[in-house]
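**Q** Here it is, the structure, as structure tokens.
The values are calculated or read from the model by the stated rules, or taken from the named source; none is laboratory data. From a predicted model like this one, the values you see are computed outputs, not experimental measurements. Because the Cβ atoms are built from the backbone with ideal geometry, glycine has one as well, and the counts that use them run over all protein chains shown.
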Amino acid sequence: MRLEPRRAAAELDPYTPGKAAEDDDHSLASNEPPIAASPSVRAAVVRALDRLHRYPDPLASELRGRLGKELDVDPEQILVGNGSDELVYLLCLAYLRPGGVVCCADPPYRLHELVPRLVGGTVRRVPMLDWSHDLRAMAAVPCDLAFVCNPHNPTGTVVRAGALEDFAARARAGLIVVDEAYLDFADEPSRLTVLHLARQSQLVVIRTFSKLLGLAGARIGYLVGPLEVVDLLRRIRPPFSVNVLAQAAAVAALSDLEQRHRSREHVLARRPLVQRIITEAGYRCIPSQANFICVLTDREDDLVRRLWERGISVRPGKTLGMPGSVRVTIPSTHGVELLRKALGTVAPV
């Protein structure tokens, strides 16, 4: 066989998922919520099993209708995807020209860097200032797409909505995409979100059901943006990418306000505790507004290995484009105690 792959595909440094531990309490590598889906979600999925012999609604109309009411957005401005990652792929396929430029933070959320390179684009990584987006520098970069992850992954830092409004007015980007996957875990989400700009068709906002809503395994997310953007992405997307079970689970999860509150409060209550455990163990960390803490260490491999020897999986920063760090998901209540005990036996490295 003489078939050769595209250079961009052959040379790509692939995304490396977090390593799962033996149970949920020890798995702190993938920013998964420690609270499982509610009984109402499970019941909705069971009912949806009766429709497995039918293709799903290609546009997830019921879900878009529910989202439209909750967000005060025209459902036609909403596109549901197979996880928010599919939406990143679609945006790059649709708007990144051959040899075009994508602007993102350094370190980036990895897919904001990997997908543009896969489709033949160039990535301009703008170094962060004090571990936060340097929006002034990013605004000066001529580019097809600009990605802003807010709260940022992997640092957990945020930029205020006012700063993003100014960025949107000044940026030399053809299209701005703000990834708000971790927004619900911020102390004051309303002061960070730029959903109002997406509603006004000034940019695109991406969100996910994987974090607060506890549906990481279902793979479902959505974006809000200009009608012309949503229309184009509808035309190029796989027609049935969001399956029947995921759509049913998402509709039910939106209705379970108590579950959402419980998941958010769990993180808000335990995040400062986890940060204190880390610092008291002799490590430095970046103050976070997400459901994880980024630990700074010159010997990340040693820390990852030593925690793994105690059954705890965490995420090496080098797999996230941030060598010299380790990302630790906010765990369950029992997981917090497991982490405390493990760090108590691991000398700072």
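**Q** For residues in the range 275-291 being touching a helix residue (DSSP H, G or I) at 6+ places or on another chain (Cβ under 6 Å) and under 18 Å from GLY317 (Cα atoms), which is surrounded by the fewest Cβ atoms within 10 Å (Cβ to Cβ)?
**A** Filtering first and then ranking leaves CYS285.
**Q** Another question, if that's okay. Test ARG199 against the criterion of being modelled with pLDDT of 95 or more, in contact with an Asp or Glu (Cβ under 6 Å, 6 or more places away or on another chain) and farther than 16 Å from ILE35 by Cα, and give yes or no.
**A** Details: modelled with pLDDT of 95 or more: yes; in contact with an Asp or Glu (Cβ under 6 Å, 6 or more places away or on another chain): no; farther than 16 Å from ILE35 by Cα: yes.
Considered against the rule, which asks whether it is modelled with pLDDT of 95 or more, in contact with an Asp or Glu (Cβ under 6 Å, 6 or more places away or on another chain) and farther than 16 Å from ILE35 by Cα, ARG199 comes out as no.
**Q** Taking the range 292-335 on its own, how many of its residues are closer than 23 Å to ILE35 by Cβ and surrounded by fewer than 17 Cβ atoms within 10 Å (Cβ to Cβ)?
**A** 3
**Q** Also: Here are some residues: ALA269, ALA246. Which one is surrounded by 22 or more Cβ atoms within 10 Å (Cβ to Cβ) and out of contact with any Cys (no Cβ under 9 Å at 6 or more places or on another chain)?
**A** ALA246
**Q** Run down ILE277, ILE330, ILE293, ILE286 and say which single residue is more than 11 Å from LEU28 (Cβ to Cβ) and within 23 Å of the chain's Cα centre (by Cα).
**A** Criteria check complete, one pass: ILE286.
**Q** Right, here's the next one. Quick test of your reading of the structure: HIS334 fulfils all but one of (1) more than 22 Å from ASN150 (Cα to Cα); (2) in contact with a Phe, Trp or Tyr (Cβ under 6 Å, 6 or more places away or on another chain); (3) of a type outside the set (Asp, Glu). Name the failing condition by number.
**A** With (1) more than 22 Å from ASN150 (Cα to Cα); (2) in contact with a Phe, Trp or Tyr (Cβ under 6 Å, 6 or more places away or on another chain); (3) of a type outside the set (Asp, Glu) applied to HIS334, the lone miss is (2).
**Q** Still on this structure, I have one more. Being surrounded by 20 or more Cβ atoms within 10 Å (Cβ to Cβ) and of a type in the set (S, T, N, Q) is the requirement here; does THR122 meet it?
**A** no
**Q** Then there is this: So how many residues does the range 78-104 have that are out of contact with any Gly (no Cβ under 6 Å at 6 or more places or on another chain), closer than 13 Å to LEU145 by Cβ and either modelled with pLDDT of 95 or more or among the polar types (S, T, N, Q) (or both)?
**A** 11
The rows are residues; the columns are (1) under 29 Å from HIS152 (Cβ atoms); (2) not assigned by TED's automatic domain parsing to the domain that holds ALA139.
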| position | (1), (2) |
| --- | --- |
| ARG2 | no, yes |
| GLU11 | yes, yes |
| ASP24 | yes, yes |
| TYR55 | no, no |
| LEU59 | no, no |
| ARG66 | yes, no |
| SER84 | yes, no |
| CYS103 | yes, no |
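Yes/no per residue for (1) over 20 Å from THR16 (Cα atoms); (2) in contact with a His (Cβ under 6 Å, 6 or more places away or on another chain); (3) not in a strand (DSSP E or B):
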position	(1), (2), (3)
ARG305	no, no, yes
VAL326	no, no, no
PRO331	yes, no, yes
GLY335	yes, no, yes
LEU339	yes, no, yes
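**Q** Look at the range 98-114 and say how many of its residues are surrounded by fewer than 23 Cβ atoms within 10 Å (Cβ to Cβ), under 18 Å from ALA171 (Cβ atoms) and more than 17 Å from the chain's Cα centre (by Cα).
**A** Summing the residues that are surrounded by fewer than 23 Cβ atoms within 10 Å (Cβ to Cβ), under 18 Å from ALA171 (Cβ atoms) and more than 17 Å from the chain's Cα centre (by Cα) in the range 98-114 gives 2.
**Q** Sort out for me the strands (runs of 3 or more DSSP E) sitting completely within the range 23-129 that have 2 or more residues that are in contact with a strand residue (DSSP E or B) (Cβ under 8 Å, 6 or more places away or on another chain) and more than 25 Å from PHE240 (Cβ to Cβ).
**A** 101-106, 122-127
**Q** So which of ARG117, ARG172, ARG124 is over 25 Å from PRO17 (Cα atoms) and either more than 18 Å from the chain's Cα centre (by Cα) or aromatic (Phe, Trp, Tyr) (or both)?
**A** Numbers: ARG117 fails: over 25 Å from PRO17 (Cα atoms); ARG124 fails: over 25 Å from PRO17 (Cα atoms).
Among ARG117, ARG172, ARG124, only ARG172 is over 25 Å from PRO17 (Cα atoms) and either more than 18 Å from the chain's Cα centre (by Cα) or aromatic (Phe, Trp, Tyr) (or both).
**Q** Checking ARG270 against (1) under 18 Å from the mean Cα position of the chain (by Cα); (2) within 20 Å of ALA37 (Cβ to Cβ); (3) not hydroxyl-bearing (Ser, Thr, Tyr), which single condition isn't satisfied?
**A** (1)
**Q** Right, something else. Which numbered condition in (1) loosely packed, with under 14 Cβ neighbours inside 10 Å; (2) assigned to a loop (DSSP other than H, G, I, E, B); (3) at pLDDT 95 or above is the only one that PRO239 fails?
**A** Going through the list (1) loosely packed, with under 14 Cβ neighbours inside 10 Å; (2) assigned to a loop (DSSP other than H, G, I, E, B); (3) at pLDDT 95 or above, PRO239 breaks only (3).
**Q** Moving on to the next point. Hey, among the residues in the range 33-44 that are modelled with pLDDT of 95 or more and surrounded by 18 or more Cβ atoms within 10 Å (Cβ to Cβ), which one's nearest to the chain's Cα centre (by Cα)?
**A** VAL41
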